[in-house]
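Here the structure comes first, spelled out in structure tokens, and everything after it is commentary.
The values are calculated or read from the model by the stated rules, or taken from the named source; none is laboratory data. All values reported here derive from a predicted model rather than from experimental measurement. The area values use the complete protein model at the heavy-atom level, side chains included, leaving out ligands, DNA and RNA. Shrake-Rupley method; radii C 1.70, N 1.55, O 1.52, S 1.80 Å.
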Amino acid sequence: MTEAMIFDTLRQALWIAVVISVPILSVALLAGIAVGLFQALTSIQEMTLTFVPKLIAILIVFWVSMDFMTRTVTAFFTETLIPQIAGG
């Protein structure tokens, strides 16, 4: 295994990590902005108000996108990593 192959595999793994994390992070960002806007408009400064809606939104998106995440990681392992390990 050459150095270029190692770097290419690492680059692919990092890209897959970014692709997998985008749905959850974007929903957390949007939920945070919505809750912050709501708090600013109503002058409610409750700590649980910032935490609970984001947690619920993240859990829903995680549950919905779990199939996509699993298929993406499984495809990376079966198409990239396992052939490289088996090939030497």
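Structure notes:
- The residues of the chain present an accessible area of 74 Å² per residue when probed at 1.4 Å with all protein chains retained.
- Nonpolar atom fraction for segment 4-88, defined as the carbon and sulfur part of the 1.4 Å probe accessible area, stands at 79 percent.
- Answer label, with Rg and Dmax of the Cα atoms in Å calculated from the coordinates and candidates (i) 12.6, 38; (ii) 19.1, 62; (iii) 15.2, 53: (ii)
- Contact order normalised by residue count of the chain, Cα under 8 Å, 6+ apart, percent: 43 percent
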